[in-house]
Amino acid sequence: MIHVDNLTKFYDHFCAVDRISLDIHKGEILGLLGPNGAGKTTTLKMLTGYFRPSSGTIEIEDLNIDDHPLEIKQMIGYLPESSPFYKDLLVYDYLNYVAKIRSIPPRERQPRVKDLSELCGLGHVMHKSIGELSKGLNQRVGLAHAMMRDPEILILDEPTQGLDPNQIMEIRNIIRKIGEEKTVIFSTHILSEAEATCDRIVIINRGRIVADGKTEILKQSAGQPSITINLTLANAAFDDVRKVLKPIEGIEAIESVHPQPDETGHDGSKTDARLFLRLTCRSDADRREAIYQQIKATDWILLEFSQQAQTLETIFHDLTRQANKEN
Amino acid sequence: MRQFSHVMEKELKDYFVTPIAYIVITIFLIVTGWFFFSTFFLYNQANLRSFFTLLPLIFSFVVPAIAMRLFAEELSRGSYELLRTMPLTFSDIILGKFLAGLLMTAALLVPTIAYPISIAFLGQLDWGPVVGGYFGALLLGGAFTAIGLFSSAITHNQIVAFIVGAAICFTLTLISKMLYFFPESVLDILQYLGADFHFSNISKGIIDSRDLIYFFSVIVVALYGTYLVLLQKK
């Protein structure tokens, strides 16, 4: 649906976006992730046709953005980063104006504006001027603006920025709802948000794509070389444990970790007997079964056994740091 | 191509939902009313000549003040981005804003129609120059609005936009009155450049194609300049 080829953008001599190529399919929710200044906003602005790429092409539904700007703008709904609106207009007037420009026939304008105000929770502020609204409400006006003509493609630049947790949940739900049928592209630097909402994540750093894939696959593949397993045992001594577990193939290190002071529990005596361990395994295979079998053969009491989940956080951190080192 | 009318409508609404329109109209009426009527009874002539003589000078400040926000405000606020990502062409945007500015300028002139009407009661008023004067005022307003629009597009700052716009309009107004500073060889050209010169022709009730061409070419050049400036903002 969207085909981006070697997209590059220079600001004078500074290269903000460096040869990005992307294919985005219909119905995908794509999260554009990256640290500040990575080129997210620039990329989105080029997709909307607001910025002209220094080189490279953008095709949407086989239409080149240079040759068919109007058709493409009809297809796209866009929420810019800071939702800059006409502060003096009433919300209702503003949405009506957008409806007119989006060529919604006069008869359908009223119902459409009403639907959107319900969807975005603007019903009670329709008669207020936009300048009076809070940041969160402003963002919702922006969302209503973007969704006015039920666009095929929704581009949202940091849609949840400056919102409170409840509003973030709402916006995420709206995005997911729209994403069932439409293509949604949004940028964020909040990882949990991308993880919660996206089908696919593209991580960019310094204008380049450093990772691109389904959220699940990214989490599995772009992993670290080792996996960490946390164990809590009772009725066991560290030396014994080491003797028993060390022979298991693939376990590289066994450390005893002192519990956090606040984890000592109310009766300190009991926790003394507990042993907190951290095992470091190679990530080429799952060792959990072997470990469990070994522990079962002893008379230790297994209190906790967990594999540290590979979070996007760590992937993101690794990828962006790696790239920065290379440069 | 009906898109520009939506832009125009919104811009006009902006003028009238904020105090701008009312303040500008009031100031305009006080200034013109004062200058016009303070000498009107001394001359004891039933015409609007002194009103139309002053108009270019007053317009060269008032019209850029009306036009200064048209682009500069959007650029500084960032809403220009929204405008450009909606299905609008450059000509929709420029034409819509230009016409809004022109209509606002026309709205300034509407209350002044009370002058000729009241004068008509006092003496024998020749309506020819009055109609010509208002027609010329619209052309002049159009030219100055286009210049104001251009200066508004080159900056984020409304004050700068106003100063640049007013400076250009003021120069065009005064240039035909400063001719004795210049060598003889350029006199014709400079006189032709003067907005005041062409306006005074029309406000005498003489509609000459040269004057019309002048005003239309100023409008076209300024609007095209605006387009070129906006094209650079990618």
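Of the numbered conditions (1) in a helix (DSSP H, G or I); (2) within 26 Å of residue A:105 (Cβ to Cβ); (3) among the β-branched types (Val, Ile, Thr); (4) touching a residue at least 60 places away in the same chain (Cβ under 8 Å), residue A:155 fails exactly one; give the number of that condition. (1) is the only condition that residue A:155 fails. Exactly one residue out of A:55, A:21 is away from chain B (no Cβ under 11 Å) and over 20 Å from residue A:211 (Cβ atoms): that is A:55. Against the definition (open to solvent by 10 Å² or more (accessible area, probe 1.4 Å) and without any contact (Cβ under 8 Å) to a residue 24 or more places away in the chain), how does residue B:74 come out, yes or no? It is false that residue B:74 is open to solvent by 10 Å² or more (accessible area, probe 1.4 Å) and without any contact (Cβ under 8 Å) to a residue 24 or more places away in the chain. Does residue A:66 qualify as being more than 9 Å from chain B (Cβ to nearest Cβ) and open to solvent by 40 Å² or more (accessible area, probe 1.4 Å)? When the stated conditions are applied, residue A:66 passes them. Look at region A:85-109: where a residue is away from chain B (no Cβ under 11 Å) and a partner is open to solvent by less than 30 Å² (accessible area, probe 1.4 Å) and β-branched (Val, Ile, Thr), sitting 6+ places away or on another chain with Cβ atoms under 8 Å, you get A:91/A:125; A:91/A:130; A:91/A:141; A:92/A:113; A:95/A:113; A:95/A:141. When you scan region A:72-83, do you find a residue that is assigned to a loop (DSSP other than H, G, I, E, B), open to solvent by 40 Å² or more (accessible area, probe 1.4 Å) and without any contact (Cβ under 8 Å) to a residue 24 or more places away in the chain, even just one? Yes, region A:72-83 contains a residue that is assigned to a loop (DSSP other than H, G, I, E, B), open to solvent by 40 Å² or more (accessible area, probe 1.4 Å) and without any contact (Cβ under 8 Å) to a residue 24 or more places away in the chain. Among the residues of region B:81-112, those identified as touching a Phe, Trp or Tyr at 6+ places or on another chain (Cβ under 7 Å) and free of Cβ contacts under 8 Å to residues at least 60 places away in the same chain are B:81, B:84, B:85, B:109. Restricting region B:176-211 to residues that are under 17 Å from the mean Cα position of the chain (by Cα) and among the aliphatic types (A, V, I, L, M), the residue that is surrounded by the most Cβ atoms within 10 Å (Cβ to Cβ) is B:195. Hey, could you check region B:26-45 for residues that are open to solvent by less than 30 Å² (accessible area, probe 1.4 Å) and either farther than 25 Å from residue B:163 by Cα or of a type outside the set (Ser, Thr, Tyr) (or both) and say which is farthest from the other protein chains (Cβ to nearest Cβ)? Looking at the filtered set, the residue picked out is B:40.
The values are calculated or read from the model by the stated rules, or taken from the named source; none is laboratory data. Note that the coordinates shown come from a computational prediction; the quantities given were computed from them, not determined experimentally. Here Cβ is always computed from backbone atoms with ideal geometry, including for glycine, and neighbour counts include all displayed protein chains. All accessible areas refer to the heavy atoms of the entire protein, side chains included, with ligands and DNA or RNA removed. Shrake-Rupley method; radii C 1.70, N 1.55, O 1.52, S 1.80 Å.
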